[in-house]
Every structure is written in C-alpha cells, then in structure tokens.
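One structure below.
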Amino acid sequence: MPVKPLHVAKSRLRGAADRGIGDPQAHARLALALALDTVAAARAAALVGEIVVVTSDPEVSAGVTALGAHVLADEPADGLNAALRRGAAWHHVRRAGRALATAGVAALQADLAALHPDELDAALAGAHVLFASGAASRAFCADAHGDGTTLLVAAPGVALDPRFGPGSAAAHRESGAVALTGAWTGLRLDVDTEADLREARAAGIGPRTGGLLDPQRDCRPA
C-alpha cells in the first residue's frame, strides 16, 4: 500500500477538510485519516496476512505501525508503480521459507476510507478462485468509475506487474489481469475528490475520516 508524503498527497481534496480554506495541516490530517482507515479495514480482513505500507512520511509511518502494518521507505521516490514493485519484492523476500510462502500479494490503494473488511475478503476470495481454476494469475478491482484500479492481486510466484495511473483498469486488463466482479461499494470508492468523499460518507466512512470531518456525526466503528 503506497502513501505519499502528506503535504503532497490527495491534492484534489485540498480544502475538503476545512470547508474550502485549504489549510495545509487540515489537509494533511485528512490524507492521514484516509490512509489509516484503509489500513485498519485491511488489517481486519481475514484473508490479509501482512500489510506493508510504502511511504517516507514519518507521521504516516508512525500511524500505520501502530495499526500493525510494516513500513518500507519510499526511496527513491520514483512513482507509484515503482513503490508497489518494491513492496511486492519486500513481501517476496520476507515470505521465503515461511508459512507465507504460498501466499499471493496484493496492491491496495490507500484512500479507501469506506472499505469494509468483508469486501476485501470477498475480492481476495474471488481472486483465489480464478487462480485455482487456472483462469488467471492476476486479478484487479476497478474503481466506481470503471477507469481506475483500487486492488490488484497476483497469485503466488507471479509478478504483481502494477500499472496504476490514468486508465489503469484498461492497462491491467490488457496486461492479462482479470476483472473481479462484485458490488463492494467501499472497495471501489477511492477518494480523490470532494464528490468521492461525499459518496464515501454516504456508504459509511471509517471512524478517523468521519470523526475529522464531522465529530458529532456517527460513523462506522474502527
């Protein structure tokens, strides 16, 4: 899971945390809350073994470590796909000779504040079925718009080959990955804009993001 430094993360959301003012500290708190809610939801998924967050932001590192994730420094900071390849390589080395040796690897976007653990479990289970049947060795979940990708999964021993960026759903499909089907509202809602944030709130946003935006409003428990 890659997370940019908070001062440059989620630039299209600037102002969403403070009603358009755009205070850098308020924006950083929102970007951090999105990432922490995503990590917490993924950590609670039954089919997730270990989580590694690729970041060079000390505040992100501290927050995700407290949630039980591992941290890998994003150095050199040469883009999202490079960060994901480093994370996958770290996982490959770590799982060698251990019980995790038969586990696949997945890349998850860090802005899924409405993600529910059961959605992630369902998507990972769907990927496992594809892998076991020989129908695919990589699978992905497209975002709500159908253009982007929120989750990419590779079977054990298969390179992740991430192709995130504009048009990533088509890029992953063209690279041989198979699209996963399922409603999975929270898994498909990556929060890039204020409109996305409104949709995520309606779907049941995580407690850190919800508490930051509206301390008086009930939100999904941690």
Could you pull out every residue, at least 5 positions away or on a different chain, whose amide H is within less than 5 Å of the one on residue 105? Hs are placed 1.01 Å off N in the peptide plane, and Pro or chain starts have none.
154
Per-residue HN-Hα couplings for region 199-213 [Karplus 6.51, -1.76, 1.60; θ = phi - 60°; Hz; x = Gly/Pro]:
5, 5, 5, 5, 7, x, 6, x, x, 6, 5, x, x, 6, 6
Cα gyration tensor shape of the chain, rounded if a/c is under 1.5, else prolate or oblate by comparing a/b with b/c:
prolate
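With a ≥ b ≥ c taken as the square roots of the eigenvalues of the C-alpha gyration tensor of region 67-163, please select rounded if a/c is under 1.5 and otherwise prolate if a/b is larger than b/c or oblate if it is not?
Values: a/c = 1.44, a/b = 1.06, b/c = 1.36.
Rounded is the answer for region 67-163, as its axis ratio a/c remains below 1.5.
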Can you tally the net charge around residue 141? Count Lys and Arg as +1, Asp and Glu as -1, for every other residue whose Cβ sits under 15 Å from the Cβ of residue 141.
-3
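Nearest 500 deg cm²/dmol is fine: what mean residue ellipticity at 222 nm does the chain get from its DSSP H runs of n ≥ 4 alone, each adding -39,500 (n - 2.57), divided by its residue count? Mind dumping the intermediate values first?
Details: 8 runs with 91 residues, N = 222.
Rounded to the nearest 500, the figure is -12500 deg cm²/dmol.
So, R0 is 25 Å and r is the distance between the beta-carbons of residue 23 and residue 75; what FRET efficiency does that work out to, to 0.05? The partial results should precede the final answer.
Values: r = 28 Å, r/R0 = 1.14.
That pair, residue 23 with residue 75, gives E of 0.30.
Given the chain, what percent of its DSSP beta bridges are antiparallel, to the nearest 5?
Numbers: 9 of 15 bridges.
Expressed as a percentage, antiparallel bridges in the chain total about 60.
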Proximal charge balance of residue 161 [Cβ under 14 Å; K/R count +1, D/E count -1]:
+4
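Just need the relative contact order of the chain here, percent rounded to a whole number, with Cα pairs under 8 Å and 6+ apart.
Value for the chain: 22 percent.
Checking a compactness column here: for region 131-211, what do you get for Rg(Cα) / (2.2 N^0.38 Å), N being the number of residues?
Details: Rg = 14.2 Å, N = 81, 2.2 N^0.38 = 11.7 Å.
Working it through for region 131-211, the quotient is 1.21.
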Once phi is turned into ³J(HN,Hα) by the Karplus curve 6.51 cos²θ - 1.76 cosθ + 1.60 with θ = phi - 60°, what whole-Hz value does each residue of region 80-88 show in order, with x for glycine and proline?
4, 5, 5, 4, 5, 5, 5, x, 5
Quick check on packing: order 28-41, 82-95 by the mean number of other C-beta atoms within 10 Å, highest mean leading.
28-41, 82-95
³J(HN,Hα), Karplus 6.51/-1.76/1.60, whole Hz, each residue of region 35-45, x for Gly, Pro
5, 5, 5, 5, 4, 4, 5, 5, 5, 7, 6
Ratio of alpha-carbon Rg to the 2.2 N^0.38 Å globular estimate for region 1-49, to two decimals, please.
1.31
Taking placed amide H atoms and a strict 5 Å upper bound, the residues 5 or more places from residue 70 or on another chain that come that close are 51, 52, 53
Name the residues whose placed amide hydrogens come within less than 5 Å of the amide hydrogen of residue 190, ignoring near sequence neighbours (fewer than 5 apart) on the same chain.
144
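Send over the semi-axes of region 1-110's equivalent ellipsoid, whole angstrom and largest first, taken as the square roots of 5 times the C-alpha gyration tensor eigenvalues. Walk me through the numbers on the way to the answer.
Working: eigenvalues 153, 43, 22 Å².
Values for region 1-110, descending: 28, 15, 10 Å.
No lab work stands behind these numbers, since they all come straight from the coordinates. Given the structure is predicted, the values throughout are model-derived calculations rather than measurements. Neighbour counts are summed over all protein chains in view; Cβ atoms, including those assigned to glycine, are modelled from backbone coordinates with ideal geometry.
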